[in-house]
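Peer 1: For reference, the structure I am asking about is given below.
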Amino acid sequence: MHHFSYHGSSLHCEDVDLAAITGLYGTPTYVYSATTIADNVTRLQRSLGGLDLQICYAMKANSSLALLRLFSNLGTGYDLVSGGEIRRVLAAGGDVKSSVFAGVGKTEAEIELALKSEVFAFHVESEPELARINYVAGRLGVKASIAIRVNPDVDAKTHAKITTGTSDNKFGIPMRVAAAAYAAAAKLPHIRVAGVQMHIGSQLTSVGPFREAVAKVVPFIAKLQEDHALEYFSIGGGIGIIYEDALASGVQAWWDAFPDEERPLTPEAYGAVLEPLLMPLGLKILLEPGRFLVGNAGVLVSRVEYLKRGADKNFLVIDSAMNDLVRPAMYESYHEIVPVERDSSRAAMTADVVGPICESGDCFAQDREIQSVGEGEMVAFMSAGAYAFTMASRYNTRGRPAEVLVQDSAFELINKRETFEDQIAGEQIPAFLA
């Protein structure tokens, strides 16, 4: 569920007309709904309400400072994967002490920063990383709390570029050697074994892979508890969102029209299956969602530059490009594209929706049916709150978009549009070229 809907003919975020936002700040602009994010956090908490639960927002999905502050206000920690993300949380006033530090390539400097910031725990991906954490912690005269990421070899059946739980992926330690890794960790003088971690992938739309992975890891944890005083089990993230019919998904009637067995995965269904499996462990449960919390809470609003009519195909050329929203080019992903001003009297047209970059890959949709729109009118990409702005680049010397946060009838610019001067501020021409 989300808080984007038409009020009359105009698409709104909560109680704010998107046209009013772009009238002030231009396009392309990302717009986020604070109420949607808060609702998503609440639903997850309630779905696993019988457990001692800590949500750690996977901030790689969207790391804007304002959203990090919002999550802090909602009581979450963070799933961190770089030193830069630690610094972002600190800058936003977030709580690193209830956060976890993941990732396969932690540097000594990043480990030191995490320890000095008193991160809750490290999620360890390899034996060499364990040795490095022990070394840095020893240098600082502290003990580092860790959980080893156990790879359960479960195929999440998601996109190849976002699956993480099989033996072919770079993540984690195989279960068959994980017990030995824990035994080795317990002998290190500056390591404190605190938990077990797993994460099998992103954008899962069925509870089955979650059930399979947890069912595999729970007996391993029960055995591990005989020798280690574990505090928590992190089950990762990965709950998918709706990309097709995303606008309709904000309407309860749309949801109710699905037969029970065909409804998209919900926090409630997720919790109903996993809570009984997790309860007997008696451990704190960490959950690290990203996309689920912010994905449907954001849209990208773009202006139409041209409608180019061809003999065999139409091209709707907009002012957003693959540098603003790379997911379609990178993952062949789908985003629903809707007019900001809806007009039922207009016929639909079929077109490729493309950006202005000199790449054939700068294409958001092929042969997409959309309400006829023309130059100067606006369209919105739904479900653009996750892995969107955070992956934006400056390709073709295009400044990154603006970002706006909405709550009820209030909205505010949270990240100004990047200017040319911003882009070249760190560059210089060497003296020998003068």
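The values are calculated or read from the model by the stated rules, or taken from the named source; none is laboratory data. In this text the structure is predicted, and so the values were computed from the model without any measurement. FYI the Cβ positions are ideal-geometry reconstructions off the backbone, even for glycines, and counts take in every protein chain you see.
Peer 1: Which of the residues spanning the range 386-425 are of a type in the set (Ser, Thr, Tyr) and assigned to a helix (DSSP H, G or I)?
Peer 2: Passing the criteria: Thr390, Tyr395, Thr397.
Peer 1: Can you tell me which residue in the range 95-121 is surrounded by the most Cβ atoms within 10 Å (Cβ to Cβ), limited to those that are out of contact with any helix residue (DSSP H, G or I) (no Cβ under 7 Å at 6 or more places or on another chain) and assigned to a loop (DSSP other than H, G, I, E, B)?
Peer 2: Among those residues, the one meeting the criterion is Ala102.
Peer 1: Have a look at Thr42, Thr36, Thr107, Thr29 and point out the one that is in contact with a strand residue (DSSP E or B) (Cβ under 7 Å, 6 or more places away or on another chain) and either modelled with pLDDT of 95 or more or of a type outside the set (Ser, Thr, Tyr) (or both).
Peer 2: Just a single option satisfies the conditions, and that option is Thr29.
Peer 1: Just to be sure I understand the filter: pairs with C-beta atoms under 8 Å, separated by 6 or more residues or on different chains, first member in the range 100-118 and closer than 24 Å to Ile200 by Cα and touching a residue at least 24 places away in the same chain (Cβ under 8 Å), second member in a loop (DSSP other than H, G, I, E, B) and among the hydrophobic types (A, V, I, L, M, F, W, C). Which pairs pass?
Peer 2: Val100/Val119; Val100/Phe120; Ala102/Val81; Val104/Phe171
Peer 1: Among (1) buried (at least 17 other Cβ atoms within 10 Å of the Cβ); (2) part of a loop (DSSP other than H, G, I, E, B), there is one condition Gln428 misses while meeting the rest; what is its number?
Peer 2: (1)
Peer 1: Specify the residue that is nearest to Val124 (Cα to Cα); the eligible residues are those in the range 40-94 that are of a type in the set (Val, Ile, Thr) and assigned to a loop (DSSP other than H, G, I, E, B).
Peer 2: In this case the residue turns out to be Val81.
Peer 1: Being within 15 Å of Glu369 (Cα to Cα) and either surrounded by fewer than 10 Cβ atoms within 10 Å (Cβ to Cβ) or among the acidic types (Asp, Glu) (or both) is the filter here, so list the residues in the range 332-347 that pass it.
Peer 2: Hits for the range 332-347 are Glu336, Asp343, Ser344, Ala347.
Peer 1: If you go through the range 341-383, how many residues are farther than 13 Å from Leu11 by Cβ, in a loop (DSSP other than H, G, I, E, B) and either touching a Ser or Thr at 6+ places or on another chain (Cβ under 8 Å) or of a type in the set (Ser, Thr, Tyr) (or both)?
Peer 2: 8
Peer 1: Separate question: Can we say His2 is more than 13 Å from Asn296 (Cβ to Cβ) and either in a loop (DSSP other than H, G, I, E, B) or in contact with a His (Cβ under 9 Å, 6 or more places away or on another chain) (or both)?
Peer 2: It is false that His2 is more than 13 Å from Asn296 (Cβ to Cβ) and either in a loop (DSSP other than H, G, I, E, B) or in contact with a His (Cβ under 9 Å, 6 or more places away or on another chain) (or both).
Peer 1: Limited to the range 290-329, what total is found for residues that are of a type in the set (D, E, K, R) and either surrounded by 20 or more Cβ atoms within 10 Å (Cβ to Cβ) or farther than 19 Å from Ala351 by Cα (or both)?
Peer 2: So the count comes out to 3.
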